[in-house]
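Chemist: Provided herewith is a single structure, encoded as structure tokens, for subsequent inquiry.
The values are calculated or read from the model by the stated rules, or taken from the named source; none is laboratory data. None of these values were measured; they are calculated from a predicted model. Cβ sites come from the backbone with ideal geometry, for glycine too, and all protein chains shown count toward neighbours.
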Amino acid sequence: MRLKIVEIVNYRLFYGWIILLIAGVGVFASGPGQSHTFSVFIGHISRDLGLSATAISFAYGLATLVAALGLPMVGRLVDSHGARRIMSLVVILLGGSCIAFGFAPGIVWLALGFGALRFFGQGSLMLNCTNVITHWFGRKRGFAIGLMLMGFVVSMAIHPPICQWLIEQVGWRETWFWLGVSTWGLMLPLIFLFLHNAPENVNLYPDGVNNDTKGVKLGIDRYSAEFGFTLNEALRTSTFYIVATGLCTLSMLVTSLHFFQVPIFEHQGLSSAIAAWMFPLSALIAIVTQPFVGRILDSFPTPRVFAIALMTLFGSLVSMAFVHDLVTAVVYAVIFGVNNAFNITLFGYVWPRYFGRRYIGSIQGMGQMIGVVGASVGPLPLGIAFDLFGDYQFMLLSLAALPVIAVILTQFLKEPQMKVC
């Protein structure tokens, strides 16, 4: 039945676009494990359990860090058993974690719940979604990943208000029950009926290009299922560490700007309302920009695009340092929106670009772990600076040096060569 569905669809439309739709829905379904969803619950949890915001924040940060350490293992499982099987398990466990989270009696259960939701939602489900796109798209991979990650922006727009409405109707605990059930109902039928690990499993090719397509060649086999570095081989290349440094810089500092946007705006004389309204403006800019970012990645040398992404981060930090009125706030929000579009697209694109598809689960797992670790420590410099000096501007300008250093490193990016025995 599943193969018959592929045949029927592929007669008129490359089946990879169905895979892209499923992956985009999967990114959306990771919402219960994302920060923008948790933010709606913090006050309710604090009052119900008698916990301070500091205690909840510490539990959340620690859980995020610990959860990141398991992602390389998930990547290896995807390489061994395929994304369809592992994604099914991840979705089942994510839904179960949502339901269990609603029964939290205290800080320990809360921390374990945070860890499970971050691990299965923000980490494992997004890793699996990126993995299937990596296999189904080659020369159009950047564009496809850009479209897939629009599911994240849709989640930012939909999950918080829906959760807020549910909390008002049934309370925060039962809201988590419905999040779990809806996650199962949304994802499991799509996975069981329509998801396939790779085009080769159903006699297709990446991008829908087969060997008989007139005038089309797939290059030096870098898009084929057989090409790819193992994780150990990748770790022995300079390319891995340059990419990791650039992505960790993006993850760390983008998280810092998200985390401190409201406090920085207020400290520099703007209202919290203006600060809050800059988030949807940045999200709108990211939605508009993201497909173009994907096209740019498919069309131009990767080191050049990587450098542009890092320079938009530089622009975000510098413009944030000088925000003082509505005009400068809008300038910052626009630059930061473009920065976000580059950031989330690069994370899915760069690893298979340099290391191939064959063992990409292991490599993406390690790369995603590095990104999450960067995100978990990202807010610390600005927090420490404000506690010590009572100001953010100097630290913002100091941190702006990091993407410049990373830009220099990206100019040394090169195609890693596989050793032939």
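Chemist: So which of Ala55, Ala59, Ala63, Ala111 is touching a Lys or Arg at 6+ places or on another chain (Cβ under 8 Å), under 24 Å from Val377 (Cβ atoms) and touching a residue at least 24 places away in the same chain (Cβ under 8 Å)? If you could, list the steps in order and put the result at the bottom.
Modeler: Details: Ala55 fails: touching a Lys or Arg at 6+ places or on another chain (Cβ under 8 Å); Ala59 fails: touching a Lys or Arg at 6+ places or on another chain (Cβ under 8 Å); Ala111 fails: touching a Lys or Arg at 6+ places or on another chain (Cβ under 8 Å).
Only one candidate passes the filter, namely Ala63.
Chemist: For region 382-398, state whether one or more residues are under 27 Å from Gly294 (Cβ atoms), acidic (Asp, Glu) and either assigned to a loop (DSSP other than H, G, I, E, B) or out of contact with any Phe, Trp or Tyr (no Cβ under 7 Å at 6 or more places or on another chain) (or both).
Modeler: No; the residues of region 382-398 include none that is under 27 Å from Gly294 (Cβ atoms), acidic (Asp, Glu) and either assigned to a loop (DSSP other than H, G, I, E, B) or out of contact with any Phe, Trp or Tyr (no Cβ under 7 Å at 6 or more places or on another chain) (or both).
Chemist: I need the full set of residues from region 84-118 which are surrounded by 24 or more Cβ atoms within 10 Å (Cβ to Cβ) and either at pLDDT below 90 or part of a loop (DSSP other than H, G, I, E, B) (or both), in order please.
Modeler: Once the filter is applied, which keeps residues that are surrounded by 24 or more Cβ atoms within 10 Å (Cβ to Cβ) and either at pLDDT below 90 or part of a loop (DSSP other than H, G, I, E, B) (or both), region 84-118 yields Phe114, Arg118.
Chemist: At pLDDT 85 or above and closer than 21 Å to Arg353 by Cα, is that true of Asn210? Even if it seems obvious, please write down each step before you answer.
Modeler: On the way: at pLDDT 85 or above: no; closer than 21 Å to Arg353 by Cα: yes.
Answer is no for this residue.
Chemist: When you check Thr312 against the structure, is it modelled with pLDDT of 95 or more and surrounded by 19 or more Cβ atoms within 10 Å (Cβ to Cβ), yes or no?
Modeler: Values: modelled with pLDDT of 95 or more: yes; surrounded by 19 or more Cβ atoms within 10 Å (Cβ to Cβ): yes.
In short, yes.
Chemist: Take Gly121 and tell me if it is under 24 Å from Leu190 (Cβ atoms) and assigned to a helix (DSSP H, G or I).
Modeler: Working: under 24 Å from Leu190 (Cβ atoms): yes; assigned to a helix (DSSP H, G or I): yes.
So Gly121 fits the description; yes.
Chemist: Moving to a separate point now. Do we have Arg139 as of a type in the set (Lys, Arg), part of a helix (DSSP H, G or I) and assigned by TED's automatic domain parsing to the domain that holds Leu69 here? Reasoning before the result, please.
Modeler: Values: of a type in the set (Lys, Arg): yes; part of a helix (DSSP H, G or I): no; assigned by TED's automatic domain parsing to the domain that holds Leu69: yes.
So Arg139 fails the test.
Chemist: Now, a different point. Quick check, is Ile56 buried (at least 18 other Cβ atoms within 10 Å of the Cβ), among the hydrophobic types (A, V, I, L, M, F, W, C) and part of a helix (DSSP H, G or I)?
Modeler: Details: buried (at least 18 other Cβ atoms within 10 Å of the Cβ): yes; among the hydrophobic types (A, V, I, L, M, F, W, C): yes; part of a helix (DSSP H, G or I): yes.
Yes; evaluated as a whole, the condition is true for this residue.
Chemist: Test Leu13 against the stated conditions and say whether it is in contact (Cβ under 8 Å) with a residue 60 or more places away in the chain and either surrounded by fewer than 17 Cβ atoms within 10 Å (Cβ to Cβ) or aromatic (Phe, Trp, Tyr) (or both).
Modeler: So Leu13 does not fit the description; no.
Chemist: Ok, one more. Output the number of residues of region 348-363 satisfying the condition of being at pLDDT 80 or above and within 12 Å of the chain's Cα centre (by Cα).
Modeler: 1
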